[in-house]
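The values are calculated or read from the model by the stated rules, or taken from the named source; none is laboratory data. Predicted model only: the values in this text are computed from it and were never measured. Reconstructed Cβ throughout: ideal geometry from the backbone, glycine too, with neighbour counts over all protein chains shown.
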Ligand code: ADP
Ligand code: MG
């Protein structure tokens, strides 16, 4: 096969590596080796001579003699064509294949095929290519030598060779299914192949500064002790930041309420006497972080807040600048060797690019380089990376738990710390209810409001829609406003949403909203959340929403209101509280099709690997890929 042709076919298959090709495993095989026995109910391949041919009840019937077995079988062709009459002439010899049956003591093979190539096991592939094209490709590239060159061991090579060039189907299938040991090997090869692609994609730069500030003044002033995972994460960051030869790139992933803010504040301490910048996706969150920083950092740390409509002019002298993307528009944002982003998962793609720009432009400063602004005044950076360019240490914080396997994969590109526990147990009871449960829910809401607690009701839509079998925000608001005082309403496109949220926090009883409340605002009195049409949302979103209640240890409830309250996904979610477990569940239900909010990560899809379960396989693949590198 010509290289050009192969390249075209690789392109058509959307694959890039030899192992991508090797992992296109046959979906079935066509086995034309002659049968040793006549087993009823099985597909048999036998030599046969035509003894009789004739019409029978409007169908063509052929009687064969099987010389090896000294038996007769008859075959009926329901839609006989001239081909059949031509082929099965009396006295002609064939190798026929079909399912062997018995009818009133007579052996039958209905509609057999006449086989030309006898004694072969031909793999069948389901791809966008023609059967001959994919077979050529496999024959050309899948050789023992090539597979060994990919770093596979002899067992792995043997498995792939068996699958693509089988000598007998017994070595492949057990009771009609691919043998478990083959599946294990395929899982490994899949992980290994993916990790190898990621290797070498990480680009590191020297850091602007090695940061080794003391965190004790901050830690010893805290009213609680840090959790083990908080401490571990802080230690990992200390190690990252103390290097000047490599700017840190770390993602800290921790459930809502796992105490990531403390890690952020500790990192700001490490940066001293240098400056750090922290960016948050919303003004509310920036304000909240600012308040926490004021509360917990030593008084000597100068903190500035920068957001739309509020800029502490002291930001030029501040040690710690906290803000929203308004930071990107500042005329003279000072240089900072530590840049952090909170709630990274809430930033859109475009905003993420701006973050990258922020990080890069920081490095530019230290070079004495010029910062370039685009027409809208936004900082942009040229993407050239001159030799010796330095970058700030970069820490991102995310509350979207990912399975450990995914974290292990991603750590090829960016270091990952997982915080899987929360400092105190939250008592949130989750219940799935349908319409009949509404009166009980109403009573519960009244009880909570009577105790000066707050309630959040999340609707799927702002306006009525025939597509959605639930009330919209507009339809429902009258009902609640009539029954309760202190009802506030907001949604994603509401210009005043932040103000409404602040007013609700201080004086409201019931907040009616769409999923806008995802925006990380802390409502300490919130004890009950109702999610209307819960089955329409991804588990990650449900988990984020549920994370809004019970943040201060008050007993809390999450009601999943659904027309199908017995939905398995909702039932499982109701009894699972750990975000990392939910991330696994999310993977399990990925294909369930009732998820409309698009919150499920599009991440790499694996055919064999189960990202929820196969931690060990991924760990082993990482080890093997690591060894490859050492070998060179
Ligand atoms: P996250 O940002 O991860 O969602 P926060 O940092 O906002 O979580 O922390 C949630 C709450 O837990 C805050 O009220 C915080 O003060 C508190 N907290 C953080 N760490 C601890 C700890 N080690 N022990 C007790 N409470 C803690
Ligand atoms: Mg937080």
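Would you point out the residue of the range 317-330, among those that are part of a loop (DSSP other than H, G, I, E, B) and touching a residue at least 40 places away in the same chain (Cβ under 8 Å), that is nearest to residue 391 (Cα to Cα)? Of everything passing the filter in the range 317-330, 319 is nearest to residue 391 (Cα to Cα). The set of residues in the range 519-544 that are within 14 Å of ligand 1 (Cβ to nearest atom) and modelled with pLDDT under 90 comprises 519, 520, 521, 522, 523, 524, 543, 544.
Results for (1) within 16 Å of ligand 2 (Cβ to nearest atom); (2) under 25 Å from residue 504 (Cβ atoms), shown as yes or no for each residue.
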position: 240; (1), (2): no, no
position: 251; (1), (2): yes, no
position: 284; (1), (2): yes, yes
position: 300; (1), (2): no, no
position: 303; (1), (2): no, no
position: 310; (1), (2): no, yes
position: 319; (1), (2): no, no
position: 323; (1), (2): yes, yes
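In the range 321-339 there is at least one residue matching the filter, namely being crowded, with 24+ Cβ neighbours inside 10 Å, on the phi < 0 side of the Ramachandran plot and within 16 Å of ligand 1 (Cβ to nearest atom).
Rundown of residues vs (1) within 16 Å of ligand 2 (Cβ to nearest atom); (2) assigned to a loop (DSSP other than H, G, I, E, B); (3) touching a strand residue (DSSP E or B) at 6+ places or on another chain (Cβ under 7 Å); (4) at pLDDT 85 or above, yes/no style:
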site	(1), (2), (3), (4)
375	no, yes, no, no
401	yes, yes, yes, no
409	no, no, no, yes
432	no, no, yes, yes
448	no, no, yes, yes
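Of all residues in the range 521-560, which are away from ligand 2 (no atom under 16 Å from the Cβ), part of a loop (DSSP other than H, G, I, E, B) and more than 12 Å from residue 455 (Cβ to Cβ)? 533, 537, 538, 553, 554, 555, listed by residue number. Within the range 489-518, restricting attention to residues that are outside any helix (DSSP H, G or I) and surrounded by fewer than 18 Cβ atoms within 10 Å (Cβ to Cβ), the residue that is modelled with the lowest pLDDT is 492.
Among the residues making up the range 227-244, a single one is part of a loop (DSSP other than H, G, I, E, B) and either buried (at least 18 other Cβ atoms within 10 Å of the Cβ) or within 29 Å of the chain's Cα centre (by Cα) (or both): 227. What about residue 307, is it in contact with a helix residue (DSSP H, G or I) (Cβ under 8 Å, 6 or more places away or on another chain) and at pLDDT 95 or above? Criteria not met by residue 307.
Can we say residue 462 is modelled with pLDDT under 95 and either assigned to a strand (DSSP E or B) or closer than 19 Å to residue 542 by Cα (or both)? Criteria met by residue 462. Before we move on, is residue 254 in contact with a strand residue (DSSP E or B) (Cβ under 6 Å, 6 or more places away or on another chain) and over 16 Å from residue 394 (Cα atoms)? When the stated conditions are applied, residue 254 passes them. With the structure loaded, tell me whether residue 356 is surrounded by fewer than 20 Cβ atoms within 10 Å (Cβ to Cβ), more than 16 Å from ligand 2 (Cβ to nearest atom) and modelled with pLDDT of 85 or more or whether it fails that test. So residue 356 does not fit the description; no. Counting only strands (runs of 3 or more DSSP E) that sit wholly inside the range 47-156, those with at least 2 residues that are touching a helix residue (DSSP H, G or I) at 6+ places or on another chain (Cβ under 7 Å), touching a residue at least 24 places away in the same chain (Cβ under 8 Å) and closer than 19 Å to residue 32 by Cα are 121-124.
Scanning the range 201-214 turns up one or more residues that are in contact (Cβ under 8 Å) with a residue 40 or more places away in the chain and assigned to a strand (DSSP E or B). Would a scan of the range 585-605 turn up a residue that is assigned to a loop (DSSP other than H, G, I, E, B), surrounded by 18 or more Cβ atoms within 10 Å (Cβ to Cβ), modelled with pLDDT of 55 or more and in contact with a strand residue (DSSP E or B) (Cβ under 6 Å, 6 or more places away or on another chain)? No, because not a single residue in the range 585-605 is assigned to a loop (DSSP other than H, G, I, E, B), surrounded by 18 or more Cβ atoms within 10 Å (Cβ to Cβ), modelled with pLDDT of 55 or more and in contact with a strand residue (DSSP E or B) (Cβ under 6 Å, 6 or more places away or on another chain). Looking across the range 331-348, the residues that are in a loop (DSSP other than H, G, I, E, B), at pLDDT 85 or above and more than 16 Å from ligand 2 (Cβ to nearest atom) come down to 334, 335, 336, 337.
In a helix (DSSP H, G or I), in contact with a helix residue (DSSP H, G or I) (Cβ under 8 Å, 6 or more places away or on another chain) and at negative phi: does that describe residue 571? Judged against the criteria, residue 571 is not a match. In the set (1) assigned to a helix (DSSP H, G or I); (2) more than 15 Å from ligand 2 (Cβ to nearest atom), residue 267 fails one condition alone, (2). Just wondering, is there one or more residues in the range 161-170 that are in contact with a helix residue (DSSP H, G or I) (Cβ under 6 Å, 6 or more places away or on another chain) and either over 21 Å from residue 22 (Cβ atoms) or assigned to a helix (DSSP H, G or I) (or both)? Scanning the range 161-170 turns up at least one residue that is in contact with a helix residue (DSSP H, G or I) (Cβ under 6 Å, 6 or more places away or on another chain) and either over 21 Å from residue 22 (Cβ atoms) or assigned to a helix (DSSP H, G or I) (or both). Residues to consider are 211, 198; find the one that is surrounded by 13 or more Cβ atoms within 10 Å (Cβ to Cβ) and within 24 Å of residue 148 (Cα to Cα). Exactly one of 211, 198 is surrounded by 13 or more Cβ atoms within 10 Å (Cβ to Cβ) and within 24 Å of residue 148 (Cα to Cα), namely 198.
If you filter the range 261-290 down to residues that are within 11 Å of ligand 1 (Cβ to nearest atom) and surrounded by fewer than 20 Cβ atoms within 10 Å (Cβ to Cβ), you find that the one that is farthest from residue 398 (Cα to Cα) is 288.
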